Every structure is written in C-alpha cells, then in structure tokens.
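The values are calculated or read from the model by the stated rules, or taken from the named source; none is laboratory data. None of the values given here were measured: they were computed from a predicted structure. All Cβ positions, glycine included, derive from the backbone under ideal geometry; neighbour counts span all protein chains shown.
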Amino acid sequence: STPAAIAAGLAAGARRGLLIKGGAVLETLRLVGLVALDKTGTLTEGKPKVTDIVAFEGDEAALLGRAAALEAGSTHPLASAVLAEAQARGIEPAPVRDAGAASGEGVSGTVDGAALFLGSPKAAMARASLSAEQQAAIERLNDDGKTVAVLLADGAAQGLIAMRDEPRADAAEGLASLAQAGIRTLMLTGDNERTARAIGRDLGIEVRAGLMPADKQRIVGEQKASGLKVAKVGDGINDAPALATADVGIAMGGGTDVALETADAAVLHGRVGDVAAMIALSRATMRNIH
Ligand code: ADP
Ligand code: MG
C-alpha cells in the first residue's frame, strides 16, 4: 500500500544517512527543480584556516588576541579558525564586555575600553573608512579564494585576518549529479563576490554573493514564486530563515541544532551528492506508488 511504500522509502533513506522528516517531505523532494546551497560549511568543509595576518596598527599577536576575544562566544566557522590560530600561537583571548553578533556581518564587543568589530570587509566599510591600499590588500587575498575579516577599534581599521576554506571533496561531483538529474543549482553566500567566484569557478556553480540572511530568504522566495520547487541546503549558521522558506530545507552534515530543528530533512554524512541521492530516492519511491 502507499503508506507502506513511503515508510519503506523513509527507512531506506535513514539507513544511508538521508534523514527525511515524514512522507510529505519525501513526496515534495521529487518535484525539486532548484537546489540552492550555502557556501561555508555546505559546499566547503566549513573548517577555514587562518592563512594571513596583516596588522595596520600594533603587532600580529595583539590583533589576533583582540579578534579571538570577540570570537570566543561565536559558533561561526570563521570564529573557530581565529580561535584555533590564537591557541596555536599561545595567545589567550582577552576578557570581552557587551559581546554581540550581527548575523551575516561579524562580531563586536568591548575589550580594554575599546569598541571592537570583526567582520566582512563590506560590513567594516559600513562602519569605518579603509584606505585604497587596505582595500587592494583585501582584494588580492580574495582573488586567492580567501575570506577576509577586518578588525576595527573605535571606528578605525586595525588589520586583516585572511582564512581559506577548501571545497568539500565530493562537492563538484555532487553538483554534477544534480545537473544530470535536470536540477538547477545556485550558491547563496554572505561571503564577498571575489572569494565566492573563485570557489564557484572551481565547482561549476552559479553564484550569488554578498548576501545577508534576509537576501538569501528573499531569493528562495523569488524562485518559488517563479514556479520552481526549491530546496535550500545549509548548516543553519546565518541561513535558518532561508531554510525555513524553502519548499524543502535540508540541513548539511551535523549542522547546528537550529538547522536540524528548522529543516525538513538532513544529509547526515555531509556529502553534496547525498542531496541528489535524496531526490532520486523520492522519485523512485513515488514511481512505485503512482
Ligand atoms: P556564508 O553564506 O558563506 O555561510 P555567512 O552568512 O555565514 O557566510 O557570513 C557572511 C560573512 O560575514 C562572512 O564571510 C564573514 O566575512 C562575515 N562574518 C560572519 N560571522 C563572522 C564571524 N563570527 N567572524 C568573522 N566574520 C564573520
Ligand atoms: Mg553560513
């Protein structure tokens, strides 16, 4: 019977780490025409490593110490990179007051009486002015596929921390499987245009960059309005609203608790190709019913 076939489909998925929250989701998956994916932690490993530290004021250790202080309370992958580098250099994060995060932009707080901000160049330039030379340094790092965080203190640029996050081993192949199944793919990222294009070129995927969480949600909504069934794949860090708006929200890998709660499905092994496998499973299950 139909309920039995759906139950069998859900069980077959679960055995392969494809967690699908119910029959309605399994039925919708076969209709998906566009898969939108987050970059950091979804198409990439999500384990960026610090590659360059550029101090405009003071030394590298002081810059890293202040950055680490701001990142101590953040769950963002870039925060882990900064904290790991500080630890590797034996730098203790300073105590921070009024710690906060601006989703898709960066983190802030007060350290030693100075009001600090650490985040994307775009967000930094909305809060302070950067010289042409400083902006050129950022662009050179971006063209190497690196993400740059800018540290500001009392509205003045202190320096840069560059990080690189490699694509997941199976990402290009997984995207090719989706294309073979006739499904369009789109990268949605809060990262800057240059870095995102460098990664997008390697993976062969269309890119929309420089997005705020609300922009990702809006784009998912626009694609739905154009008549496509849209799946959104992400780790939930800064993209929970877009996950919730999609016809099918898919949490990647372990993801965050918020992603697992918001999502309709999860790909437990963190393989991009498993999203294609999930859609194939839905098509096969529904073929047996109709
Ligand atoms: P993505 O869409 O690639 O997952 P996010 O929306 O999570 O990117 O973040 C967008 C940008 O905001 C990052 O590329 C980074 O420049 C900045 N950012 C966000 N959170 C942090 C943080 N905790 N530390 C430093 N930079 C951050
Ligand atoms: Mg993110």
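Here are some notes:
Rundown of residues vs (1) part of a loop (DSSP other than H, G, I, E, B); (2) modelled with pLDDT under 95; (3) in contact with a Gly (Cβ under 9 Å, 6 or more places away or on another chain), yes/no style:
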{"site": "T75", "(1), (2), (3)": "yes, yes, no"}
{"site": "A81", "(1), (2), (3)": "no, no, no"}
{"site": "P95", "(1), (2), (3)": "yes, yes, no"}
{"site": "D98", "(1), (2), (3)": "no, no, yes"}
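- Being under 22 Å from M187 (Cβ atoms), β-branched (V, I, T) and surrounded by fewer than 20 Cβ atoms within 10 Å (Cβ to Cβ) holds for only one residue in T44, T51, T2, T40, and it is T51.
- Residues of segment 54-71 that are touching a helix residue (DSSP H, G or I) at 6+ places or on another chain (Cβ under 7 Å) and within 14 Å of ligand 1 (Cβ to nearest atom): L64, A67, A68, E71.
- Residue tally, condition in a loop (DSSP other than H, G, I, E, B), within 16 Å of ligand 2 (Cβ to nearest atom) and of a type outside the set (V, I, T), over segment 182-196: 3
- Of all the listed residues (G17, G58, G73), the sole one being loosely packed, with under 15 Cβ neighbours inside 10 Å and at positive phi is G58.
- G90 at pLDDT 95 or above, away from ligand 1 (no atom under 13 Å from the Cβ) and in a loop (DSSP other than H, G, I, E, B): yes
- E193 vs. criteria modelled with pLDDT of 95 or more and of a type in the set (D, E): no
Table: residues versus (1) out of contact with any strand residue (DSSP E or B) (no Cβ under 9 Å at 6 or more places or on another chain); (2) within 23 Å of A198 (Cβ to Cβ); (3) small (G, A, S).
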residue	(1), (2), (3)
I20	no, no, no
V32	no, no, no
V50	no, yes, no
R66	no, no, no
A81	no, yes, yes
E85	no, yes, no
E92	yes, no, no
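- Residue count, segment 202-216 (criterion: surrounded by fewer than 16 Cβ atoms within 10 Å (Cβ to Cβ) and away from ligand 2 (no atom under 14 Å from the Cβ)): 3
- Selected residue (only one of I250, I237, I219, I199 is closer than 19 Å to A276 by Cβ and either surrounded by 16 or more Cβ atoms within 10 Å (Cβ to Cβ) or within 16 Å of ligand 2 (Cβ to nearest atom) (or both)): I250
- Residue that is nearest to ligand 2 (Cβ to nearest atom) [pool: residues in segment 18-56 that are among the charged types (D, E, K, R) and part of a strand (DSSP E or B)]: D38
The rows are residues; the columns are (1) modelled with pLDDT of 95 or more; (2) under 12 Å from D38 (Cβ atoms); (3) away from ligand 1 (no atom under 13 Å from the Cβ).
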residue	(1), (2), (3)
G204	no, no, yes
E222	yes, no, yes
I237	no, yes, no
L243	no, yes, no
D247	yes, no, yes
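- Hits in segment 65-108 - residues which are closer than 18 Å to A153 by Cβ and more than 23 Å from the chain's Cα centre (by Cα): G65, R66, I91, P93, A94, P95, V96, R97, D98
- Of all residues in segment 258-281, those satisfying the criterion of being within 16 Å of ligand 1 (Cβ to nearest atom) and either free of Cβ contacts under 8 Å to residues at least 24 places away in the same chain or not small (G, A, S) (or both) are V258, T262, V272.
- Against the numbered list (1) at positive phi; (2) within 25 Å of the chain's Cα centre (by Cα), G22 comes up short only at (2).
- Close pairs from segment 77-90: first touching a residue at least 12 places away in the same chain (Cβ under 8 Å), partner surrounded by 17 or more Cβ atoms within 10 Å (Cβ to Cβ) and among the basic types (K, R), Cβ under 7 Å, at least 6 apart: none
- Selection of segment 146-170 for residues being outside any strand (DSSP E or B) and buried (at least 20 other Cβ atoms within 10 Å of the Cβ) yields D165, R168.
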